[in-house]
1. Can you give the Kirkwood hydrodynamic radius of the range 18-85 from its Cα pairs, in Å with one decimal?
2. Out of every Cα pair in the range 96-159, what percent are spaced more than 15 Å from each other?
3. Going by accessible area, probe 1.4 Å, with all protein chains left in place, what is the ranking of Leu12, Leu173, largest first?
4. Could you give the length gained by full extension between Tyr46 and Phe151, i.e. 0.36 nm per residue of separation minus their alpha carbon distance, to one decimal place?
5. State, as an integer percentage, the relative contact order of the range 117-205 based on alpha-carbon contacts under 8 Å between residues 6 or more apart.
6. Find the relative contact order for the chain and round it to a whole percent, using C-alpha pairs within less than 8 Å whose residues are 6+ positions apart.
7. Running Debye on the chain with equal point scatterers at the Cα sites and no solvent, what base-10 log of I(q)/I(0) appears at q = 0.09, 0.14, 0.16 Å⁻¹?
8. Please work out the Cα center distance from the range 48-75 to the range 156-183, rounded to the nearest Å.
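The values are calculated or read from the model by the stated rules, or taken from the named source; none is laboratory data. Bear in mind the structure is a predicted one, so any value in this text is a computation, not a measurement. So basically every Cβ, Gly included, is an ideal-geometry build from the backbone, and we count neighbours across all protein chains shown. Just so you know, the surface numbers come from the protein's heavy atoms only, side chains and all, with ligands and any DNA or RNA stripped out. Shrake-Rupley method; radii C 1.70, N 1.55, O 1.52, S 1.80 Å.
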Amino acid sequence: TKELPEIGAKELTLSNGIKVVTKKTDYKNDEILFSAFSKGGYSLYYECDIASLMFAPQMVDRAGIGDLDYSSLEKKLKGKKIGLTPNITPFSEGFDGLSTPKDLETFFQYLNAFFTNPRKDTTTYGLVMNETREQMKMINANPMYKFFGDFLGAVADNDPYQMNMLNYTEDVLSKVDYERAFYLYQERFANPADFTFVFTGNFDEKI
């Protein structure tokens, strides 16, 4: 255990190498905010894999988890305050989420499943691609969004590793391969031991 007095937090290093940073607060009695990160991201890969890596978390998230498809998972979590979303950025992979003290055990089970048992469902490819195309239409129809997309592309010298929703193109979407995306997701989240998990909120420090 290491005290972090400058931010009023503690850093725990577990026997398996995982780091856990906790900051207990009393702003809200029923809220625990969560994030996790590990160095890596798609900067470790060749350009041909970037598109698949960018969409991998979204497709895995929309598939459900383990034996539960997305609809069944929503029913199972009904009445619980649990949110969890995986992400892969140019330099890291991780999660953003939230829960409550009473739902924390279920939250941990959900988080564990994202590491050990992500659900493979090829139908999510079509869903995510269709949603993205609709978002692209909206962006391209809005002069301000279009300007910011072109501006950010110019600032980054159109570096494919710095792409974002504002400058997606059909060429980018055509390079997304579901099988490759699922494989790369598993590769980036294969080892939770190199992750740092951060919890902020009203939790029992004895747990």
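1. Numbers: mean 1/r = 0.0651 Å⁻¹.
Result for the range 18-85, one decimal place: 15.4 Å.
2. On the way: 1455 of 2016 pairs.
Result: 72 percent of Cα pairs exceed 15 Å.
3. Result of the area sort, largest leading: Leu12, Leu173.
4. That pair, Tyr46 and Phe151, stretches by 35.3 nm at full extension.
5. 28 percent
6. 38 percent
7. For the requested q values the scattering log ratios are -0.41, -0.95, -1.14.
8. The range 48-75 and the range 156-183 have Cα centres separated by 17 Å.
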